[in-house]
Amino acid sequence: MLTLRGAGGPRRGADLRELGIIADGALLICDGVITEVGPTRRVENLRMARSALEINAAGRVVMPGFVDSHTHLLFPPPGGAADRETDTPTAAADTAARLVRATTAQRLEMRARTYLEAMARHGTTTLETKTGCGPDESAELKLLRVASALNRDPIDIVPTFLCRMPGHASTYSGHDEARVLTELLPKIRRRGLASFADLAWDPDPARHACFARYLQTARSLGFGCKLHAAGPGCAVAITMAIEHLAISIEHLEHATPGEVAVLAGSSTMATVLPSASFSNGGCLAPARGLIDAGVPIAIATNFNFHHSPSLNMQTAISLACMRMGMTAGEAISAATINGAHSLGRAARIGSLEPGKSADLLILNVHDYRELGHHFGTNLVRMTMKRGKFIYKEGEVAPRFPKKLPLAG
């Protein structure tokens, strides 16, 4: 049993490898909440355990459910001209926003539910989803309402408003900024539609004053702040993230050792996305350098129907181990307890401890290190959310008999 018990705060450095392992462990669950964790013999002798339903996971790994702290579950949606590889990022975002407006909320919800069920089968029990329609209020609010409707069915969803300013700084008007800062952000906060305000970083210095105002306004409204820093030129983005107390800065595929050192002296986490670079053949985030410098890191899938279609956190873990130099223990911590910290949910999820939600996995392996070696195989036997199994591995359908009865 991997409990991931540890000191408060996100794990850094060597602490990422501390998984709180109990070789022959058990836990007791009541009303969806963990009440006891410890050696099997001690837990079995507790008074409450005598009348409990027993689930035998002998010979298997039990661990917290995965926390996928960076996805694009709803945007951009599949279909239409947004699939064209020749589109510029701005044109693709505009096309996708129009597609969101033209698609009913019910259809968006139906598509997303298919992905959520697949995520649950692969062990994700909590995820974050970002918007990203730019200052298009109608499309943004529709996506946030859909995310709210999907929450807790079957897994928890943490919605994030991703601000993506259109075009180049020379062509975008101050009206767009004013609309976001004085109308859209307050409306989202007032309606409780998002927990975080993210920002798609642009290295153009002409935008930086606007970005600083965005982060300052978001903080003043009570949002947790995040930064999306996927391209070259991360230095100013890292400095701004630290200055505005951002919970995390994400992607960082182009971060230099000097920039990593600056980040290490702060409380801001780094979220790395192994599947993103695997899909597009781009750079890998310097995960090993981030860990060795003492930066707390989380691992997420970056699930995006168009550009990063993997929604399996097991794949993200194996890629982090195979291509980014992480150990299986580090990757598991980054995909569970640190993911929970990056979403502000570590008091309730991310580890198996008394008082926390019973979100856990039973894996078809006897050693957790197998997660770092397997690729393309679902190792999850069962996924539990709030004390109830939302996925159980099923039998393969029997093959047809050699001779089928003739009709009539």
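The set of residues in the range 20-53 being among the charged types (D, E, K, R) and under 31 Å from the mean Cα position of the chain (by Cα) consists of 24, 31, 36. Of everything in the range 158-182 that is among the hydroxyl-bearing types (Ser, Thr, Tyr) and under 20 Å from residue 219 (Cβ atoms), the residue that is modelled with the lowest pLDDT is 182.
Please report, ordered by residue number, the strands (runs of 3 or more DSSP E) entirely within the range 295-407 with at least 3 residues that are over 30 Å from residue 245 (Cβ atoms), touching a helix residue (DSSP H, G or I) at 6+ places or on another chain (Cβ under 8 Å) and modelled with pLDDT of 95 or more.
By residue number, 380-385.
Remark: residue 13 matches the filter, which requires a residue to be at pLDDT 95 or above, surrounded by fewer than 21 Cβ atoms within 10 Å (Cβ to Cβ) and within 26 Å of residue 349 (Cα to Cα). Among the residues making up the range 214-234, those that are part of a loop (DSSP other than H, G, I, E, B) and crowded, with 16+ Cβ neighbours inside 10 Å are 223, 230, 231, 234. Suppose the filter is in contact with a Lys or Arg (Cβ under 6 Å, 6 or more places away or on another chain) and assigned by TED's automatic domain parsing to the domain that holds residue 265; does residue 204 pass it? No, not satisfied.
Taking the criterion of being in a helix (DSSP H, G or I), at pLDDT 95 or above and either polar (S, T, N, Q) or crowded, with 19+ Cβ neighbours inside 10 Å (or both), would at least one residue in the range 242-256 satisfy it? No: the range 242-256 contains no residue that is in a helix (DSSP H, G or I), at pLDDT 95 or above and either polar (S, T, N, Q) or crowded, with 19+ Cβ neighbours inside 10 Å (or both).
Annotation: residue 59 fulfils all but one of (1) modelled with pLDDT of 90 or more; (2) surrounded by 15 or more Cβ atoms within 10 Å (Cβ to Cβ); the unmet one is (2).
For the range 120-133, the criterion of being under 30 Å from residue 347 (Cα atoms), modelled with pLDDT of 95 or more and assigned to a helix (DSSP H, G or I) is satisfied by at least one residue.
Before we move on, is residue 98 surrounded by fewer than 18 Cβ atoms within 10 Å (Cβ to Cβ) and farther than 15 Å from residue 184 by Cβ? So residue 98 passes the test. Considering only residues in the range 38-72 that are in a strand (DSSP E or B) and hydrophobic (A, V, I, L, M, F, W, C), the one that is farthest from residue 392 (Cα to Cα) turns out to be 67. Listed by first and then second residue, the pairs linking a residue in the range 2-28 that is touching a residue at least 24 places away in the same chain (Cβ under 8 Å) to a residue that is acidic (Asp, Glu), with Cβ atoms under 6 Å apart and 6 or more places separating them unless they lie on different chains, are 5/353; 6/18; 16/330; 17/330; 28/36.
The values are calculated or read from the model by the stated rules, or taken from the named source; none is laboratory data. Owing to the predicted nature of the structure, the values given are computational and were not obtained by experimental measurement. Every residue, glycine among them, receives a Cβ derived from its backbone with ideal geometry; neighbour counts consider all protein chains shown.
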